[in-house]
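Novice: Let me begin by handing over the structure; questions about it come next.
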Amino acid sequence: MPSYSEIIQQINDLQKQAERQRKEEYSSVLKAIKKQIAEFGITAEELGFLSAAGTKRGPKAGAKAAKGRKPRAKRANAGVKVPPKYKDSATGNTWTGRGKMPKWVSQALASGRSLESMLIIASATGPAGN
């Protein structure tokens, strides 16, 4: 029966052998994949390399744009600034209440303050709250 160190050495040798084999097979596999992509006209988006917004997820993703497709329409409220909902009276920091909670809000909550205590009260000249 082989010793522990002999088994570890065999494992290391097999890992090296597997890596060599992978490198040998890599180029032929890549060549076959590229051939099929070209043959069937598969796009990066169809493979999941592009998100809905068109950002890259993988290497060389989006190298070819999808033909005949219209770009997505933007939301009606995209880019609209939202007024702050919470304010720290001591520092003047503000937060809209959207997205990740800022550190100053987390610290205030940890120290015993409530979100209600940091609410900004709408001014009399502002829009009526419905």
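The values are calculated or read from the model by the stated rules, or taken from the named source; none is laboratory data. The structure displayed is predicted, hence computed values, not measured ones. Backbone-built Cβ (ideal geometry, glycine too); neighbour counts: all protein chains shown.
Novice: Of all the residues that make up the stretch 22-43, how many are of a type outside the set (Asp, Glu), out of contact with any Lys or Arg (no Cβ under 7 Å at 6 or more places or on another chain) and either closer than 30 Å to Arg69 by Cβ or at pLDDT 95 or above (or both)?
Specialist: So the count comes out to 13.
Novice: Tell me which residues, restricted to the stretch 1-38, are more than 30 Å from Phe49 (Cα to Cα) and of a type in the set (Lys, Arg).
Specialist: The answer is Lys16, and nothing else.
Novice: Scan the stretch 37-54 for residues that are loosely packed, with under 10 Cβ neighbours inside 10 Å and not small (Gly, Ala, Ser) and jot them down.
Specialist: Glu39, Phe40
Novice: Same structure, new question: Can you tell which of Thr125, Thr91 is assigned to a loop (DSSP other than H, G, I, E, B) and at pLDDT 85 or above?
Specialist: Testing whether each residue is assigned to a loop (DSSP other than H, G, I, E, B) and at pLDDT 85 or above leaves just Thr91.
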